[in-house]
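Asks: Starting off with a structure, shown below.
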Amino acid sequence: MIVAEAKSFAEVAEMVSSFPRLLVAACAGCTAICGVGGVRQAEELAAALRIHFRIRGVALETEVAGVTRQCEPEFIEELAAAVGRTGAVLSLGCGVGVQFLADRFPQVPVFPALNTRFVGGLAAPGTWEERCRLCGDCILHLTGGICIRARCAKGILNGPCGGSQDSRCEVGDDVPCAWSLVWERLSALGRFELLAQIRRPRNWANGNGGPRSSGGASG
Amino acid sequence: MNAASNFARLLRDGQFVVTAEVGPPKGAAADQLLEKAAYLKGYVDAVNITDCQTAVVRLSSIAAAVHLRSAGLEPVVQMTGRDRNRIAIQSDLLGAWSLGIRNLLCLTGDHQRFGNHPEARGVFDLDSIQMVAMVRRMGEPGEFLCGEPIRGERPRFFVGAVENPFAGSLEMRVLRLEKKIAAGAEFIQTQCVFDLERFRRFMVLVRGRGLHRRCRILAGVTPLKSVRMARFMRDQVAGITIPDEILARLESAADLAAAGVSLCVEQIRELREIEGVAGVHIMAIAWEKIVPEIVKRAGLYPRPALPV
Amino acid sequence: MNPNPRIIAFCCCNCAYAAADLAGSLRVAYDPEITIVAIPCTGAVEPAVVLSAFEEGADGVFVAGCLDGECRYKSGNLRARERVQTLRAALEHIGLEAERLEMYQVSAAMAARFGEIAGEFAARIRGLPPSPVRQRGKSGVSGVDRG
């Protein structure tokens, strides 16, 4: 799923500082599951902003509303009345949610409360790890189910590089060398032929030519 | 073939070659490079010029190579995939060949996080193996990576790659070395060897697969100037191991620099005895001045004349 | 600096609230400025609730839960402690001193200890200026719609 983290309070406060009324829009999708974008976090952020501005002598009115997913027009529609009342939106959705809100309500400013970081899975309670770079050209069957695009710091197709030491990456001892993991996994599977093959340069065109979309017009 | 590379001719002639490494300056003047060239001349067969090593901005490797060549040295241009995509690499290589550069060392490159621009975007469009294969095809059959033919003169570089026998399992390292050779690497320069015992085991595996016959392997050495430097390299530089006995020897030495040089000379003598080692690559980091003394004391001076 | 502070204490009814009750029975005096709110478990104290106490003018808030290992719901007290830590940092960003919020742990039998905690915290809050939220509130800034 999409993993996001809260922007610093100071950054959010700065971006909304000139708006007397604000809709704080939660999303019940990925960002709620990450614990940063649900209604609960929206309530907290709204209260924090109100206190922050009150201390500075500025009145801020907030409304909090949540939708199932900000990345679908049908759900966003539920926010229309509240957007009409407030005139500005602080979104706790991912970057996609923010953009869908901005597209639907072009007459009001929409602000991101989060930084959308990566696609990952739950590694430990509260800790998410990046596992996919959305490259559109999956080769996990060749690497023992370990994504070297996402997990090798250089994303190289013929690793490991010379910076791998004790199965750790040169960027930091806390980062496992993805190619060491590939080596271990494929060795255990007895698939040495995959390790010996030279991988050709990647076709980046898949993710480099403007926004991607799926399905046809009829889809 | 690579008739224009004197370095290649010496290796093919079966000479035990000596190369050194020069880091270009962090400024726009060539004086420092020419000064280094003056004291290396006659003591080494070729000189590698690093490509913004450890991701720190320095004068370009190709430009530095042109300066060294004009001073009578045989340059080996290092090219990493960290800062350039396939378009830039191929373009730079056409330019390098046109300027008389004949030797190329392909590297993936140190991660930008360690350099002086940690916020830079790392390119890594090609890894070292893909780069080697691309450069060989630019020479023969003479085409760009996309398959389009190169017009007129083709760059026929003598192409090398690096290997770090000390990074991860030996079997994994030898397999990757084999991939580099399969991709077309004609020579290999290794990371600095301090752990001779492990290097010998590495070479047993290399010989077992006949790799030393398909490619010339130069063992890397580094003279240690101080205990602090040794500790730093052991602890901070990715992919370097320094055995405790070497540190102990340095720690007990009265004259550190002399001990470091003696150690390096001994290492070269031992490396020379290992079957399949075709030469040494001396990486005297910020201590290039010491190279002539090491070469002389290792019994590698004078350097052989070019074969006729 | 603030002789009559408003202090809200969220007290778990399995420990701190009972301790406060016992303190009353035993005639252990504790600070009269403290308004106690009984809650089933400190794990149920949402950050938004703490923030609303500050928003409505509290000068200080403390959360009092069970001793380690004694939570009726296993780990509600530990969660509360973590939340309070996080909220203290958040308060600084918002513009309130972190000292205005504290977490304490007591058992139902610790009536005297409750009195101490209450006194200690009230003294701390008296040493701080009145909540800037309340000062501004008095100056006539319009109320807040918390739709």
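Asks: Cβ-Cβ distance below 6 Å, separation of 6 or more or different chains: which pairs start in segment A:75-93 with a residue that is over 14 Å from A:Arg104 (Cβ atoms) and end on one that is of a type in the set (Lys, Arg)?
Replies: Every condition considered, the pairs that remain are A:Thr86/A:Arg21; A:Gly87/A:Arg21.
Asks: So which of A:Thr116, A:Thr62 is of a type in the set (S, T, N, Q), in a strand (DSSP E or B) and within 14 Å of chain C (Cβ to nearest Cβ)?
Replies: A:Thr62 is the lone residue from the list that is of a type in the set (S, T, N, Q), in a strand (DSSP E or B) and within 14 Å of chain C (Cβ to nearest Cβ).
Asks: Here's a follow-up. Kindly provide the set of residues from segment B:162-177 that are more than 7 Å from chain A (Cβ to nearest Cβ) and β-branched (Val, Ile, Thr), ordered by number.
Replies: Selection gives B:Val174 alone.
Asks: Also, I was wondering about something else. Within segment A:175-211, can you find the residues that are more than 10 Å from chain B (Cβ to nearest Cβ), charged (D, E, K, R) and outside any loop (DSSP other than H, G, I, E, B)?
Replies: Hits for segment A:175-211 are A:Arg185, A:Glu193.
Asks: Turning to a different aspect of this structure: It is to be established whether one or more residues within segment B:267-288 are touching an Asp or Glu at 6+ places or on another chain (Cβ under 9 Å), in contact (Cβ under 8 Å) with a residue 12 or more places away in the chain, surrounded by 18 or more Cβ atoms within 10 Å (Cβ to Cβ) and assigned to a helix (DSSP H, G or I).
Replies: Yes, the conditions are met somewhere in segment B:267-288.
Asks: Now, a different point. List the number of the failed condition for A:Gly35; all other conditions in (1) crowded, with 23+ Cβ neighbours inside 10 Å; (2) closer than 30 Å to A:Ala153 by Cα; (3) within 14 Å of chain C (Cβ to nearest Cβ) hold.
Replies: Evaluating A:Gly35 over (1) crowded, with 23+ Cβ neighbours inside 10 Å; (2) closer than 30 Å to A:Ala153 by Cα; (3) within 14 Å of chain C (Cβ to nearest Cβ) leaves (1) as the failure.
Asks: Further, regarding this structure: Residue by residue through segment B:101-122, note down the ones that are closer than 30 Å to B:Ala71 by Cβ and free of Cβ contacts under 8 Å to residues at least 60 places away in the same chain.
Replies: Residues satisfying the conditions are B:Ile101, B:Leu104, B:Leu107, B:Thr108, B:Gly109.
Asks: Still on this structure, please answer the following. Could you list, in sequence order, the residues of segment B:67-76 that are of a type in the set (A, V, I, L, M, F, W, C) and surrounded by fewer than 20 Cβ atoms within 10 Å (Cβ to Cβ)?
Replies: Scanning segment B:67-76 gives a single hit, B:Ala71.
Asks: Return yes or no: is A:Leu92 within 14 Å of chain C (Cβ to nearest Cβ), surrounded by 18 or more Cβ atoms within 10 Å (Cβ to Cβ) and within 22 Å of the chain's Cα centre (by Cα)?
Replies: Taking the combined requirement at face value, the residue satisfies it.
Asks: Against the definition (at pLDDT below 95, more than 13 Å from chain B (Cβ to nearest Cβ) and in contact with a strand residue (DSSP E or B) (Cβ under 9 Å, 6 or more places away or on another chain)), how does A:Cys138 come out, yes or no?
Replies: Judged against the criteria, A:Cys138 is a match.
Matching residues to (1) surrounded by 21 or more Cβ atoms within 10 Å (Cβ to Cβ); (2) within 20 Å of C:Ala122 (Cβ to Cβ); (3) among the aromatic types (Phe, Trp, Tyr):
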{"residue": "C:Asn4", "(1), (2), (3)": "no, yes, no"}
{"residue": "C:Cys13", "(1), (2), (3)": "no, no, no"}
{"residue": "C:Ala38", "(1), (2), (3)": "no, yes, no"}
{"residue": "C:Cys41", "(1), (2), (3)": "yes, no, no"}
{"residue": "C:Asn77", "(1), (2), (3)": "yes, no, no"}
{"residue": "C:Glu102", "(1), (2), (3)": "no, yes, no"}
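The values are calculated or read from the model by the stated rules, or taken from the named source; none is laboratory data. Keep in mind that this is a model prediction, so the values were computed, not measured. We place every Cβ from the backbone using ideal geometry, glycine too, and count neighbours over all the protein chains shown.
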